[in-house]
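Worksheet: the structure to be examined is printed underneath.
The values are calculated or read from the model by the stated rules, or taken from the named source; none is laboratory data. Predicted model, so just to flag it, every value in this text is computed and none were measured. Ideal geometry is used to build each Cβ from the backbone, glycine not excepted, and the neighbour counts take in all protein chains shown.
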Amino acid sequence: MSTMELDFAIHKTLRSGQRRFTLDVDARVSGQRIVLLGPSGAGKSVTLKAIAGLMAPDAGHIRLNGQTLFDAASRIDLAAQQRNVAYVFQDYALFPHLNVRQNVGFGLKRGWFNPGAGQAQAEVDYWLDAFGLAAMAHQLPAELSGGQRQRTALARALVAKPSALLLDEPFSALDEALRETMRDELDALQKRLRIPMVLITHDPADAARFGDVVLHLRDGKVVCRTLGRCEEAAP
Amino acid sequence: MNGPAAIALLLSLKVALAATCINLVLGVGAGFILARSRFIGRDVLDSLLTLPMVMPPTVLGYYLLVLLGRRSALGAWLQDSFGFSFIFTWQGAAIAAAVVGFPLVFKPARAAFESVDGQLEQAARVLGVSGFSLFFRVTLPLAWRGILAGLLLAFARAMGEFGATLMVAGSIPGKTQTLSIAVYEAVQAGQDSLANELVVLTSAVCVAVLLIAGRLAPGRINGARP
């Protein structure tokens, strides 16, 4: 799988007390690495959550590699569980009651119980080794460093062989030095796996590094598509 | 330990355990529903479900008599269909203790479910886990501490229940006479040595419950960290 076709039109109005936010984004892009760039409050997270199936748009459609994930007109709305996309949350959302091994193996286990604390699974071991996490497999997320948490979150996301990787501000929780290291790691990982990814960020440095395609978002709208600086669209 | 005290203790434990089991299902269930759903009248329902905490137990007992007594529709149906009545039985005492202790489980359970980070549940959904699996693998383990604290409180409250139990189940030695009622009866009858024994026994049980609660206290339970 090399390039990803992502075609979406997402309309959603969010209300919080007196405040109202209208998201109205649409784009049809293909590429292996797509970046949504914009300041906080631009609607990046809502867009990514809609693609993942964690938030239902009011109207529009979302198609990934020709598969319709959501279509308001024909009432298609695949559950998050059925979309086969992986999502890495901004602060990683690791399960605090499960150790690294259990976190990574979480998605492979079905049924009412979590994987056992020491339960060996070939795929889990593979990813623990790949991310250098084998030595801390028995530690809880609270005992990990920022970089280790991100590696755990990535391993947990990749273990189920998703068709796309969605990343919400993957480097914002890290300090500057570690941020550069983790950018290199993600870059190398993506090139090795050739897994399509959608990354959202407020940091132009991330866009420069990962943006085969860059969509600039402002106030709930796509204002332009460019690799470089976006000239503000005239109001 | 002589007969009557041991019998009253065992009965109290049986009633308190049954009441706690009832609240494990109903109190935790109600806490989950009110934490997760939005509907009109939710605040009113919350207040109604908290009422047993502020109402006198004798009033609650009276309501239960009206609801479960032989002259009520439910009581008559139970009597006609199964030949069973809650009135003057240990099961009735368990119902009374469960009602009195309900808010002690429901309130902390609701707060515990509300404190679970919704993002963790979203993460689980993206990983393909949903429904009951999601509840038992993510939500419940993260809310468990608060729920357990409430259950222990409700158990202790059920052990000490007096007013509502007396109204619904009466004071039949060996059948519905729990420890706290037995103490009252012993003092009324001037049986000081029996009263002393019952009081010491009750205190010992209370200390034991507290010690157990301490062992299960927050820091020792997995998944405590934010």
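Selection of the range A:140-162 for residues being surrounded by fewer than 21 Cβ atoms within 10 Å (Cβ to Cβ), of a type in the set (A, V, I, L, M, F, W, C) and touching a helix residue (DSSP H, G or I) at 6+ places or on another chain (Cβ under 9 Å) yields A:L140, A:L144, A:A160.
Screening the candidates A:M197, A:M136 for the property of being away from chain B (no Cβ under 14 Å), touching a helix residue (DSSP H, G or I) at 6+ places or on another chain (Cβ under 8 Å) and either hydroxyl-bearing (S, T, Y) or touching a residue at least 60 places away in the same chain (Cβ under 8 Å) (or both) yields one hit, A:M197. Looking at the range B:7-43, which of the residues that are part of a helix (DSSP H, G or I) and among the charged types (D, E, K, R) is nearest to B:V205 (Cα to Cα)? In this case the residue turns out to be B:K14. Can you find even one residue in the range B:130-141 that is modelled with pLDDT under 90 and either surrounded by 16 or more Cβ atoms within 10 Å (Cβ to Cβ) or outside any helix (DSSP H, G or I) (or both)? Yes, the range B:130-141 has at least one match. The condition of being away from chain A (no Cβ under 11 Å), farther than 30 Å from A:S45 by Cβ and either in contact (Cβ under 8 Å) with a residue 60 or more places away in the chain or in a helix (DSSP H, G or I) (or both) holds for only one of B:F113, B:F84, B:F106, that being B:F106. Residue-level analysis places B:F162 among those that are more than 14 Å from chain A (Cβ to nearest Cβ), of a type in the set (F, W, Y), out of contact with any Phe, Trp or Tyr (no Cβ under 6 Å at 6 or more places or on another chain) and surrounded by fewer than 24 Cβ atoms within 10 Å (Cβ to Cβ).
For the range B:97-126, filtering for residues that are surrounded by 19 or more Cβ atoms within 10 Å (Cβ to Cβ) and among the polar types (S, T, N, Q) leaves 1. If I filter the range A:99-126 down to residues being hydrophobic (A, V, I, L, M, F, W, C) and buried (at least 23 other Cβ atoms within 10 Å of the Cβ), which single residue comes out as nearest to the other protein chains (Cβ to nearest Cβ)? Only one residue tops the list, namely A:F106.
Considering only residues that are more than 14 Å from chain B (Cβ to nearest Cβ) and among the β-branched types (V, I, T), look in the range A:50-98 and name the one that is farthest from A:A134 (Cα to Cα). The selected residue is A:I76. Those residues that are among the small types (G, A, S) and surrounded by 10 or more Cβ atoms within 10 Å (Cβ to Cβ), I need them from the range A:6-29; list them, please. Those that are among the small types (G, A, S) and surrounded by 10 or more Cβ atoms within 10 Å (Cβ to Cβ): A:A9, A:A27.
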